[in-house]
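Below: one structure, written as structure tokens.
A short reminder: the numbers here are calculations on the coordinates, not readings from a lab. Bear in mind the structure is a predicted one, so any value in this text is a computation, not a measurement. Virtual Cβ from ideal backbone geometry, glycine too; neighbours counted across all protein chains shown.
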């Protein structure tokens with residue numbers, strides 16, 4: 001009986017150790033392709049290609065994980081104003097920077113010692129740190145919102161200590177709002193990361 005109690009005690013003590021989460025910390029950076037989705041008498045004209053850089057952590061339990069991140073991102077795009085009685089279009093170029101904080105949940109579809117393939121998604125909160133509008137007389141940087149929120153989803157691979165991710169992000173509220181134009185942001189990001197711990 002004493003041996004049975006001892007074996008059960010060892011198993012019960014070992015179980016929490018086996019189910020402890022795995023923690024990764026790292027840095028990441030990459031390319032951001034963003035476009036603006038305007039309303040009313042405006043249309044999307046061109047994407048903006050820029051960069052992002054920051055840090056990530058990943059807390060995992062087997063195939064499941066949570067991945068909070070923080071990175072600086074440059075965004076923007078060009079839009080054109082449409083006039084019914086004038087074939088000429090007036091363009092406006094938007095550039096803005098933000099501190100983005102996504103909190104993503106994911107699943108490792110392929111889980112190995114040196115290779116993982118994963119899918120992930122979740123909310124993102126952004127704080128606009130700077131903004132500029134060029135080439136339009138009625139629009140200025142004073143109409144940028146100070147924050148935004150949205151959703152990210154995508155996929156990635158881990159190869160030993162390297163990570164590669166591709167994601168799409170859609171903002172749920174407007175990035176810029178004035179009496180002339182209200183616009184949201186759509187982003188495609190490709191990033192490479194290095195796990196430090």
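Quick notes
- In terms of surrounding Cβ atoms within a 10 Å radius of their Cβ, 139, 64 rank from fewest to most as 64, 139.
- When each of the peptides 107-116, 158-167 is scored by how many other beta carbons lie within 10 Å of its residues on average, the order from highest to lowest is 158-167, 107-116.
- Using the Cβ-Cβ distance between residue 155 and residue 103 with R0 set to 22 Å, the FRET efficiency from 1/(1 + (r/R0)^6) comes to roughly 0.80.
- Candidates 183, 129, 32, ranked by Gaussian network fluctuation over the chain, Cα under 10 Å, top entry: 129
- Between residue 66 and residue 146, the modelled labels are 2.8 nm apart [label points 7 Å from Cα along Cα→Cβ].
- C-alpha long axis of helix 2-18 to longest principal axis of the chain, angle in °: 20
- Unit Cα scatterers, Debye sum, the chain: log10 I(q)/I(0) for q = 0.10, 0.14, 0.16 Å⁻¹: -0.51, -0.81, -0.96
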